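Asks: Structure incoming, see below.
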Amino acid sequence: MSTNIFDEIEADAARLADLHRRLETAADDAGVLDIAYRRVDTPVGALLLAATTVGLVRVAYDVEDHTAVLARLADTVSPRILHAPARLDDAARQIEEYFAKRRTTFELPVDLRLSAGFRRSVIEHLRDIGYGHRESYATVAAAIGSPRAVRAVGTACAHNPLPVVIPCHRVVRSDGSTGQYVGGPAAKSTLLDLEAA
Amino acid sequence: MRPFEDVVAQHGPTVLRVCRAVVGPVDADDAWSETFLSALRAYPDLPGDANVEAWLVTIAHRRALDVGRARSRTPVPINTLPDRLAAHADPAERHQDLWDALGRLPTKQRQAVAYHHIAGLPFTEIAELLGNSPDAARRAAADGVKTLRKTYPKDQSA
């Protein structure tokens, strides 16, 4: 049966975009927007930024697959997730300033719920490694009181939920080589070079 | 469970078309907004095997009733629409005769037509929403389409 009349009832993209923005605001106001996210373009590729009502909960590189990252957030935190840039405006602006060399520290509320136990201790310590400084995996292990857990420090860095903002890129090998990185070795070099320049 | 953003992206257009057919282009925006806000609130409790689109249409059915009631309490003349709506209110202007034709249908026919022909709901589920039998829901949709073919003849030439 062809009932063309129903094709004339449209849902145009402009109106849907409008309605989406209304939904973002209404959901936030109603306290049901558990996770807001947006993307920001940087010299190390598009970064996904996601925030709970507490603070920034996840920064993800392209190579981590943003779709997969959002799916994991839906499973582990909440599926009430919307692309809602407003909550991330501050984070996006500070990250842009960082890459423009106009910022050396991030002043953002963070939500570290994705990191627990030993890994959490590592992540907390990383926050104390200043801009332009480097520490070896062994130094980090010693600093958190587990000098023999060098390899585990590497794993904790690889699972940093907030790369760039929490500077796991400042942790390098004892021989001075940069080592592995969640965003790939090239991204790590880019960040280290940026901070050294 | 998928991020709710995926649900909006996948089903937002169909729900908007259903809302437009049921409450008209002006109230459709509010009905859509209420629907997705309610859906977002309830989403974590939705069973994993649920038919998401049918679930959304069920919510839209209730929210459209609410919007309709609010509208009948406080009638708003069409020429006082805020600029935000007027900026691209073309669907209303382009298809005024279509909205008129739909608006003249008895409510249950309009709902049955929208839920079946736009959302693709089976008549068993439409019957639950309308509080009638699947046969009655099927007849309502058929009668609605028959009337539309008469009152909105453009349908046949398009």
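The values are calculated or read from the model by the stated rules, or taken from the named source; none is laboratory data. Everything numeric here is computed off the predicted structure, so don't read it as measured data. Quick reminder, even Gly has a Cβ in these numbers, built from the backbone with ideal geometry, and neighbours come from all protein chains shown.
Asks: Within the bounds of the stretch A:29-46, is there any residue that is over 27 Å from the mean Cα position of the chain (by Cα) and either in a strand (DSSP E or B) or of a type in the set (S, T, N, Q) (or both)?
Replies: For the stretch A:29-46, residues over 27 Å from the mean Cα position of the chain (by Cα) and either in a strand (DSSP E or B) or of a type in the set (S, T, N, Q) (or both): absent.
Asks: For the stretch B:102-127, how many residues meet the condition of being in a helix (DSSP H, G or I), within 19 Å of B:His11 (Cβ to Cβ) and free of Cβ contacts under 8 Å to residues at least 60 places away in the same chain?
Replies: 3
Asks: Given (1) touching a Phe, Trp or Tyr at 6+ places or on another chain (Cβ under 7 Å); (2) aliphatic (A, V, I, L, M); (3) surrounded by fewer than 17 Cβ atoms within 10 Å (Cβ to Cβ), identify the lone condition not met by A:Val182.
Replies: (3)
Asks: Evaluate the following for B:Ile78: is it more than 10 Å from chain A (Cβ to nearest Cβ), surrounded by fewer than 21 Cβ atoms within 10 Å (Cβ to Cβ), modelled with pLDDT of 95 or more and in contact with a helix residue (DSSP H, G or I) (Cβ under 8 Å, 6 or more places away or on another chain)?
Replies: Against the criterion (more than 10 Å from chain A (Cβ to nearest Cβ), surrounded by fewer than 21 Cβ atoms within 10 Å (Cβ to Cβ), modelled with pLDDT of 95 or more and in contact with a helix residue (DSSP H, G or I) (Cβ under 8 Å, 6 or more places away or on another chain)), B:Ile78 does not qualify.
Asks: Quick check on A:Ile5: is it of a type in the set (Val, Ile, Thr), at the interface with another protein chain (Cβ under 7 Å from one of its Cβ atoms) and crowded, with 22+ Cβ neighbours inside 10 Å?
Replies: Taking the combined requirement at face value, the residue satisfies it.
Asks: So which residues in the stretch A:54-90 are among the hydroxyl-bearing types (Ser, Thr, Tyr), part of a loop (DSSP other than H, G, I, E, B) and within 14 Å of another protein chain (Cβ to nearest Cβ)?
Replies: Passing the criteria: only A:Ser78.
Asks: While we're looking at this one, here's another question. Would you point out the residue of the stretch A:110-153, among those that are among the β-branched types (Val, Ile, Thr) and outside any loop (DSSP other than H, G, I, E, B), that is farthest from A:Gln180 (Cα to Cα)?
Replies: A:Val110
Asks: Still on this structure: Have a look at A:Val63, A:Val54, A:Val77 and point out the one that is farther than 16 Å from A:Ala27 by Cα, surrounded by fewer than 18 Cβ atoms within 10 Å (Cβ to Cβ) and either modelled with pLDDT of 95 or more or touching a Gly at 6+ places or on another chain (Cβ under 8 Å) (or both).
Replies: Matching residue, one of A:Val63, A:Val54, A:Val77: A:Val63.
Asks: How many residues are away from chain A (no Cβ under 14 Å) and surrounded by fewer than 22 Cβ atoms within 10 Å (Cβ to Cβ) when one looks only at the stretch B:112-146?
Replies: Number satisfying all stated conditions: 15.
Asks: How many residues are buried (at least 24 other Cβ atoms within 10 Å of the Cβ) and within 8 Å of chain A (Cβ to nearest Cβ) if we restrict to the stretch B:16-30?
Replies: The number of residues fulfilling the criteria is 3.
Asks: Give the residue that is nearest to A:Thr190 (Cα to Cα), with candidates limited to residues of the stretch A:109-125 that are surrounded by 18 or more Cβ atoms within 10 Å (Cβ to Cβ) and either within 15 Å of the chain's Cα centre (by Cα) or within 14 Å of chain B (Cβ to nearest Cβ) (or both).
Replies: A:Ile123
Asks: Say whether the condition of being within 11 Å of chain B (Cβ to nearest Cβ), more than 20 Å from A:Ile166 (Cβ to Cβ) and either buried (at least 18 other Cβ atoms within 10 Å of the Cβ) or touching a residue at least 12 places away in the same chain (Cβ under 8 Å) (or both) is met by at least one residue in the stretch A:34-50.
Replies: Yes, the conditions are met somewhere in the stretch A:34-50.
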